[in-house]
1. Considering only segment 115-141, how many residues are without any contact (Cβ under 8 Å) to a residue 24 or more places away in the chain, under 23 Å from C38 (Cβ atoms) and in a loop (DSSP other than H, G, I, E, B)?
2. Could you list, ordered by first residue, the pairs with Cβ atoms under 9 Å in which the first is in segment 206-235 and over 22 Å from V165 (Cα atoms) and the second is surrounded by fewer than 10 Cβ atoms within 10 Å (Cβ to Cβ), at least 6 apart or interchain?
3. Of (1) at pLDDT 95 or above; (2) in contact with a strand residue (DSSP E or B) (Cβ under 8 Å, 6 or more places away or on another chain), T139 satisfies all except one. Which?
4. I'd like the residue in segment 96-114 that is of a type in the set (V, I, T) and touching a residue at least 24 places away in the same chain (Cβ under 8 Å) and, out of all such residues, is nearest to Y204 (Cα to Cα).
5. Looking at segment 168-182, can you tell me whether even one residue there is loosely packed, with under 12 Cβ neighbours inside 10 Å, out of contact with any strand residue (DSSP E or B) (no Cβ under 8 Å at 6 or more places or on another chain) and over 21 Å from C94 (Cα atoms)?
6. Is it the case that some residue within segment 223-230 is modelled with pLDDT of 95 or more, surrounded by 16 or more Cβ atoms within 10 Å (Cβ to Cβ), β-branched (V, I, T) and not in a loop (DSSP other than H, G, I, E, B)?
7. Can you tell me how many residues in segment 23-62 are at pLDDT 85 or above and not in a helix (DSSP H, G or I)?
Amino acid sequence: MVTEQDTERWGKLRGQLSDGIVLDEWEAIYVPIPKVACTSLSTLFARMISTKGDIPYVFEVPFKRVANRVIRKDYADYYVFAFVRNPWDRLLSCFLSKIDPTEDDDGTFYRNGVEFNFWKYGDMFHSQMSFSDFVRATTSIPDEEADIHFSSQYRHLTDRHRNLVPDFIGRFESLAGDLEELRSRMHMPKTAPPHKMKTEHKHYSHYYTEETRALVEGRYPEDIELFGYRCEEKS
């Protein structure tokens, strides 16, 4: 359950980076990136290491964590992995989960149809905004001020010299196959990841205009170049 202290703490966070989840059982570290199936994957790994069976609320699991900047220093022999997602698709998923006018404004999770993570931006985000307005708003916020759900992915996966930290980087678009390859390498048990916090929508390209496509391209050049992404055409 999200508490008032949680919402206050998260509301102040800007430009934060993901901490790695330490999986000592396999001498590995998973670096989760929000909006890249991180809840499903974290739940999967929690179930693998838990003796309690099903884990309904992964946020309550006390994972051992490590800051990105010291992973290679403190866990030099650990296998580090992460997953990335097409920036255009990721931003749409962010909009669909964070802006929801149908949600009850209980003051704990949502206010004016905006999830608590975005309250720190005042009235920049609101329940009646279009996806195009959401793209204009998020792409105007630099990584130093960005919420973790739409900050550049490369920042979570590189050291201070911009060298990639992970040994393996899978893709959201090929999640099942990449996860199977990862589990085979690390001798993890075969367990299908649960679909947590999944949003249903058309192919992301249907939601973009020429203007908003260009805004995303200009906002996430490192992610696009480093991970080889492009905005696909409508199908």
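1. Result for segment 115-141: 1.
2. Pairs that qualify, where the first residue is over 22 Å from V165 (Cα atoms) and the partner is surrounded by fewer than 10 Cβ atoms within 10 Å (Cβ to Cβ), are H206/S235.
3. Single failed check for T139: (2).
4. I99
5. Within segment 168-182, one or more residues are loosely packed, with under 12 Cβ neighbours inside 10 Å, out of contact with any strand residue (DSSP E or B) (no Cβ under 8 Å at 6 or more places or on another chain) and over 21 Å from C94 (Cα atoms).
6. Checked against the condition, which is being modelled with pLDDT of 95 or more, surrounded by 16 or more Cβ atoms within 10 Å (Cβ to Cβ), β-branched (V, I, T) and not in a loop (DSSP other than H, G, I, E, B), segment 223-230 yields at least one hit.
7. 12
The values are calculated or read from the model by the stated rules, or taken from the named source; none is laboratory data. What you are looking at is a predicted structure, and each value in this text was computed from that prediction instead of being measured. Don't worry about glycine lacking a Cβ; one is built from the backbone with ideal geometry, like all the others, and counts go over all protein chains shown.
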